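Peer 1: The following block contains the structure, expressed as structure tokens.
Just so you know, all these numbers are worked out from the coordinates, no wet-lab data involved. In this text, all values refer to a predicted model and were calculated from it rather than measured experimentally. Note: ideal-geometry Cβ built from the backbone for every residue, glycine included; neighbour counts use all protein chains shown.
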């Protein structure tokens, strides 16, 4: 049986776990740890991923896609390279309503591009939030000057939206396969 | 969908760059910041800054098609007579008299009167308003934590005189006053990136006023020389080269690219460049994945 993997990365609280939960056929294997109640992070969410999230999509008896979500907090970034090894491509999740995370998103994007020159897309998550920045504004804020890099509107809790992002990543992978070497 | 944020995490320079590059029209409002007592968590999940809630409006900047056309700020008298006085076109007595006698006139009406009475020329008015608007932007560039909101497609009031100002020069000039090394290091983390010109550089550089140091840097941009190498060639410190590159980047005049030989970011463990996984993957696999996800 062949297994392939994609990595879902992005800053703290950008929606990576939610993204995988929306599409995975199994209960997501999550290494979430409760955030200390007196910590300011606890106001954002109750748990945070400390090692990885793991989801699965079985195509048929011979092919399985694994989705790995990276931990968002920088102190767990030693996991990133391990998770990136052999990936088909990656999705960078960005919380469109939190400009305070954009710089980190840009840094993570650059780091993953350095791990492997695989195709990637950027998902402008939480587009249903009233304070969400539009994808075209995010493109400038994240300094994604290459028009070939897809920056997609996303709502990670919506399965159709997640499917759309993964499909666009797969189309990018196909395009790269077809591109003259 | 308004563009909201805080100057602590998205600076005035970055905002101007965004408005300039996307040719936005609308009004940017900066508010007085009140600390809420809560903390805002940055994207690394570790760094925290004070959360600041918007108070009263302190500045408004209007834009049309990415150009600054009008600016006002609390504490900076925006009456046309005062603007002309600060620019040296009217003396104190003239300005006071005009303010008293023409109190009922709006800026456009007053400008016509002053031109007809040969107090000033149209050019004097345009240049004085330009100077006033740019000085407001420079002040804003030193602000560190105020909340902001950009509302698209809000037109400035009819009574104001609109003077279009190309933001590229304002950004370049404004970055010369940035003194915060930390901010520059965060913005340009890796000096081993190269710089290249965007498409249509001729168009982008038209009417741009670069200083000697900026031109020296521009002369070394070829898509291969790293920022570190350019800094060395120009005999600049890391902070100096970062400041200039930051200005050029924000003005949309250059782009950062990863050169083939660039060191990889010092993040995580020892990084080894991997072969792209998909060279080993058959096209058929991707097509099967596409079909599966479509039908999920």
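Peer 1: From Cα pairs below 8 angstrom and at least 6 apart in sequence, can you work out the relative contact order of chain A, rounded to a whole percent?
Peer 2: Details: 362 pairs, mean separation 42.6, N = 181.
Result for chain A is 24 percent.
Peer 1: I would also like to ask the following. Any chance you could give the angle, 0 to 90 degrees and rounded to 10, that helix B:107-116 forms with the longest Cα principal axis of chain B?
Peer 2: Compared with the principal axis, the helix lies near 60 degrees.
Peer 1: Restricting everything to alpha-carbon atoms, can you work out Rg to Rh for segment B:6-49 with a Kirkwood hydrodynamic radius? Don't skip to the end; give the middle numbers.
Peer 2: On the way: Rg = 13.4 Å, Rh = 12.6 Å.
For segment B:6-49, the value is 1.06.
Peer 1: Remind me, what semi-axes does segment B:34-103 give for its equivalent ellipsoid, largest first in whole Å, using sqrt of 5 times each Cα gyration tensor eigenvalue?
Peer 2: On the way: eigenvalues 326, 48, 22 Å².
So the equivalent ellipsoid measures 40, 16, 10 Å along its semi-axes.
Peer 1: Would you compute the Debye intensity of segment B:143-207 from its alpha-carbon atoms alone, equal scatterers and no solvent, and pass along log10 I(q)/I(0) at q = 0.12, 0.18, 0.20, 0.22 Å⁻¹ to two decimals?
Peer 2: Normalising to I(0) and taking log10 leaves -0.60, -1.15, -1.23, -1.24.
Peer 1: Can I ask one more? If the convex hull of the alpha-carbon atoms of the protein assembly as shown is projected onto planes in all directions, what is the mean projected area in square nanometres?
Peer 2: On the way: hull surface 101.0 nm².
So the Cα hull casts an average projection of 25.2 nm².
Peer 1: Could you give log10 I(q)/I(0) at q = 0.26, 0.29 Å⁻¹ for segment B:205-244, computed by the Debye formula over C-alpha point scatterers of equal weight, without solvent?
Peer 2: For segment B:205-244, the Cα-only Debye profile gives -0.88, -1.02.
Peer 1: Per residue of the protein assembly as shown, what 222 nm ellipticity follows from adding -39500 (n - 2.57) for every DSSP H run with n ≥ 4, rounded to the nearest 500?
Peer 2: On the way: 17 runs with 174 residues, N = 477.
Here the helix-only value at 222 nm equals -11000 deg cm²/dmol.
Peer 1: Looking at the P(r) of segment B:61-205, how many percent of alpha-carbon pairs lie beyond 27 Å? Walk me through the intermediate numbers first.
Peer 2: Details: 3790 of 10440 pairs.
Roughly 36 percent, rounded to a whole number.
Peer 1: Cut-off is 10 Å between beta-carbons; in what order do B:246, A:66, A:115 appear when sorted fewest neighbours first? Can you show the working numbers first?
Peer 2: Working: B:246 20, A:66 17, A:115 24.
Lowest to highest Cβ neighbour count: A:66, B:246, A:115.
Peer 1: Give the order of A:95, A:178 when sorted by the count of other beta carbons within 10 angstrom, beginning with the fewest. Before the final figure, lay out each step's value.
Peer 2: Values: A:95 26, A:178 8.
Least crowded to most crowded, the residues run A:178, A:95.
Peer 1: Who wins for biggest fluctuation among B:65, B:48, B:255 in a Gaussian network model of chain B, springs between alpha carbons below 10 Å?
Peer 2: Highest fluctuation among the options: B:48.
Peer 1: How large are Rg and Dmax for segment B:62-140 when calculated on the C-alpha trace, in angstrom?
Peer 2: Cα only, segment B:62-140: 12.5, 38 Å (Rg, Dmax).
Peer 1: A further question on this structure: Roughly speaking, what is the centre-to-centre gap between segment A:110-145 and segment B:48-92 when only Cα atoms are used, to the nearest Å?
Peer 2: One Cα centre to the other: 32 Å.
Peer 1: Considering the convex hull of the alpha carbon atoms of segment B:118-160, report its projected area averaged over all viewing directions, in nm², one decimal. If you can, show how the numbers build up before the last one.
Peer 2: Details: hull surface 18.4 nm².
Over every viewing direction, the Cα hull of segment B:118-160 projects on average to 4.6 nm².
Peer 1: For chain B, find the longest principal axis of its Cα atoms and tell me its angle to the long axis of helix B:122-141, 0 to 90°, nearest 10.
Peer 2: Approximately 50 degrees, to the nearest 10.
Peer 1: Okay, next question. Most exposed first by the Cβ proxy, i.e. fewest other Cβ within 10 Å, how do B:171, B:281, A:8 rank?
Peer 2: Ranked by crowding around the Cβ, least crowded first: B:281, B:171, A:8.
Peer 1: Determine the equivalent ellipsoid of segment B:123-239 by diagonalising the alpha-carbon gyration tensor, then write out the semi-axes as square roots of 5 times the eigenvalues, largest first, rounded to whole Å.
Peer 2: On the way: eigenvalues 198, 69, 41 Å².
Working from the Cα gyration tensor, I get semi-axes of 31, 19, 14 Å.
Peer 1: Please compute the volume of the convex hull spanned by the alpha-carbon atoms of segment A:101-152 and report it per residue in Å³. Walk me through the numbers on the way to the answer.
Peer 2: Values: hull volume 4.0 nm³, N = 52.
Spelled out: Cα convex hull of segment A:101-152, divided by residues, is 76 Å³.
Peer 1: Take chain B, connect every pair of alpha-carbon atoms lying under 10 Å apart with a spring to form a Gaussian network, then pick out the residue of B:203, B:185, B:146 with the largest mean-square fluctuation.
Peer 2: B:203
Peer 1: So, one more: Picking from B:134, B:245, B:52, which is most flexible by a Gaussian network model of chain B using Cα springs under 10 Å?
Peer 2: B:52
Peer 1: Cα atoms only, chain A: Rg and Dmax in Å?
Peer 2: For chain A, the Cα radius of gyration and maximum Cα-Cα distance read 15.6, 55 Å.
Peer 1: With a Cα-only, solvent-free Debye model of segment B:1-127, what are the log10 I(q)/I(0) values at q = 0.18 Å⁻¹?
Peer 2: So the normalised log intensities are -1.03.
Peer 1: Same structure again: Sequence gap at least 6, Cα distance under 8 Å: using those rules, report the relative contact order of chain B to the nearest whole percent.
Peer 2: Values: 410 pairs, mean separation 62.1, N = 296.
So the answer I get is 21 percent.
Peer 1: Still on this structure, I have one more. Can you give the three extents of the C-alpha atoms in chain B along their principal axes, from longest to shortest, in whole Å?
Peer 2: Principal-axis extents of chain B (Cα, largest first): 81, 50, 39 Å.
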